[in-house]
Every structure is written in C-alpha cells, then in structure tokens.
Amino acid sequence: MLTIVSAQHEELVILTVQGSIDVLTAPQLSEAVTNALTGQPRGLIIDLTTTDFLASAGMAALVAAHEAIAPTGLFGVVAAAPATSRPLTLMGLDQTIVLYPSLAHAVTAMTDPTEMTGTPTG
C-alpha cells in the first residue's frame, strides 16, 4: 500500500510517500507528480523518509519526475534510510538526482539562495 501526501511550502510542492514503491504502486507516484506539476511550482521535493521499499519501477518514476520538472524547476529526493538511499546510490541515480538527508535540508537548499544544492546522503 502507498500513501502520498502533497503539501505546499512557499513555491515548492512536497510529496511525502509512505509505504512501498513497486511496480504496482509506482503509477500512483507518477500521477501524484503530474498533479503536483500542474501548478508549475518552482521546485518539487519527494520525501521518501517513510518509504520502506523502493523498487526499480519507483526509481523510474523518480527519474521521470526529475525529467518533467528539470527544464524549469528544482527537484530533490529526501532519502536517508538504507531502504531508499541504497538503491538510488547503487543505480548511480545520486549522480543525476539530488539526494537530501532530511526534508529540512531539502527545503532550505531550495528556498535559500545562499545554500548550496543538495548533499549526497550515501
């Protein structure tokens, strides 16, 4: 089962994903991303703090989300737990997608112009 909660913070949309992202639930994540991007936010954060499993289909959905917002907006993934950071790092996606150790880090990096971009968590 997958639960996705959408929240707005300034010009950012934050999608908090709870549960397992696999071949059955990845389309739900993709739909949430599409809905989040309709408002053309300045940035999108996908928070995987409470995600307990990330399959290849979930990683593909994250790459698609990155590609969807990349031309004009910021994108980051909160992935500090081994269940999420490890597969992303093993697949080399930490070289393409900015990973943050916490939601606070992601929000600060995307809203404070003096902050650097993300810090890999791996």
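Quick notes on this structure:
- Carbon and sulfur %, accessible surface of segment 23-80 computed with the full protein complex present, 1.4 Å: 59
- Residue-level accessible surface for Met91, protein heavy atoms, 1.4 Å, Å²: 130
- Only helices enter this figure: runs of n ≥ 4 DSSP H residues, each worth -39500 (n - 2.57), summed and divided by the residues of the chain, yield -11000 deg cm²/dmol at 222 nm to the nearest 500.
- Accessible area in square angstrom per residue, the chain, 1.4 angstrom probe: 53
- Rotationally averaged projected area of the chain (alpha carbon convex hull; nm²): 6.3
- Working value for segment 1-70: equivalent-ellipsoid semi-axes of 19, 13, 9 Å, each the square root of 5 times a Cα gyration tensor eigenvalue, largest first.
- Spatial separation of Cα centroids for segment 42-81 and segment 2-32, in angstrom: 9
- Relative packing of 31-38, 44-51, which averages over residues the other C-beta atoms within 10 Å, highest first: 44-51, 31-38
The values are calculated or read from the model by the stated rules, or taken from the named source; none is laboratory data. Bear in mind the structure is a predicted one, so any value in this text is a computation, not a measurement. Note that we place each Cβ from the backbone using ideal geometry, even for glycine, and neighbour counts take in every protein chain shown. Accessible surface areas use protein heavy atoms only, side chains included; no ligands, DNA or RNA. Shrake-Rupley method; radii C 1.70, N 1.55, O 1.52, S 1.80 Å.
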